[in-house]
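Here is the structure we will look at, set down as structure tokens.
The values are calculated or read from the model by the stated rules, or taken from the named source; none is laboratory data. Since this is a predicted model, take the numbers as computed values, not measurements. No Cβ is skipped: glycine too gets one built from the backbone with ideal geometry, and neighbour counts run over all protein chains shown. Quick note on the areas: whole protein, heavy atoms, side chains included, nothing else; ligands and nucleic acids left out. Shrake-Rupley method; radii C 1.70, N 1.55, O 1.52, S 1.80 Å.
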Amino acid sequence: MKLLSLSILTLLFTGCAMDSQNKPMQKEQHSIPVVMFQTVDEKKAILLQDGKDHRYCVRCGMDLVKFYKTSHAAEHDGKQHQYCSIHCLEDHLGEGVTLKNPQVVAVDTLKFISVVDAFYVVGSKKKGTMSKVSKYAFSSLEEAKKFQAEFGGEIMNFSGASKKAKEDFQYYK
Ligand SMILES: [Zn+2]
């Protein structure tokens, strides 16, 4: 039985290989995954929440590994919350809650830093998360400037970036 299934497998693989040689372009297009700028390797992502849904934004449910480079975090009612973006953090604040120790992932280090220490590049050519105007945070002004030189945008502190994020909520009112 084992031998038989092995030879079937070999046949299948040979078949595939021949097929991909015949139509290389088509095969390649199917095998290239769409990787977004926000996405990181799962091993590099720091997930701060507890429970079975720890990998998902507490507000919108989006995958935090997929949208890691725009991820934010804060404590609410003694629990660590993680958000896909400053948009979802602002969405939560809009309910009038108090969030302690707000943090953001720095694109240059992939580590969480306090939002007050972050340099945000707002409105660069890199796509945003939950917003047409992207907002990416960096651990130093130098790193933010490097990113800005390549992709444009405006360098702001957290309160400037928050203000921009809040503008997106105007459409819904
Ligand atoms: Zn979200």
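Some points to look at:
- Residue list for the stretch 34-66, restricted to those being farther than 21 Å from GLU95 by Cβ and within 10 Å of the ligand (Cβ to nearest atom): ASP63
- Just one of the listed residues (PHE147, PHE138) is within 15 Å of the chain's Cα centre (by Cα) and aromatic (Phe, Trp, Tyr), namely PHE138.
- Enumeration of residues in the stretch 133-173 that are among the acidic types (Asp, Glu), open to solvent by 60 Å² or more (accessible area, probe 1.4 Å) and closer than 19 Å to VAL115 by Cβ: GLU142, GLU154, GLU167
- Taking the listed residues THR98, THR109, the one that is within 21 Å of MET36 (Cα to Cα), away from the ligand (no atom under 13 Å from the Cβ) and exposed (fewer than 14 other Cβ atoms within 10 Å of the Cβ) is THR109, with no other qualifying.
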